[in-house]
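**Student:** Below is a structure I'd like to ask you about.
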Amino acid sequence: MSFTVDQVPPTMPAQPTPVPTLGQWALMLLTLALAGLAAIRSRRT
């Protein structure tokens, strides 16, 4: 009985793909819009 071991070179990890994100100003405007909608909604109830 004999066994053979083959050495396989390690594979390189894939390059990460960039994820689109909101800019600082867009995030601030989105926060202000959400806060404004929440304020309007809380005044109605």
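Values in this text are rule-based calculations from the coordinates and carry no lab data. These numbers come from a predicted model, not from an experiment. Don't worry about glycine lacking a Cβ; one is built from the backbone with ideal geometry, like all the others, and counts go over all protein chains shown.
**Student:** In Å³ and rounded to a whole number, note down the convex hull volume per residue for the Cα atoms of the chain.
**Tutor:** Working: hull volume 5.6 nm³, N = 45.
Considering the Cα atoms of the chain, their hull volume per residue is 125 Å³.
**Student:** Could you state the angle between the C-alpha long axis of helix 24-44 and the longest principal axis of the C-alpha atoms of the chain, as a value from 0 to 90 degrees rounded to the nearest 10?
**Tutor:** So the helix axis and the longest Cα principal axis differ by about 50 degrees.
**Student:** Using a simple spin-label model with points 7 Å from Cα along the Cα→Cβ vector, what separation in nm is obtained for Arg44 and Phe3?
**Tutor:** Simple spin-label model gives 7.1 nm for this pair.
**Student:** Could you check the simple spin-label distance between Gln15 and Leu30, using points 7 Å along Cα→Cβ, in nm with one decimal?
**Tutor:** Between Gln15 and Leu30, the simple spin-label model gives 2.7 nm.
**Student:** Before rounding to the nearest 500, sum -39500 (n - 2.57) across all DSSP H runs of length at least 4 in the chain and divide by the residue total; then give [θ] at 222 nm in deg cm²/dmol.
**Tutor:** On the way: 1 runs with 21 residues, N = 45.
The per-residue figure over the chain is -16000 deg cm²/dmol.
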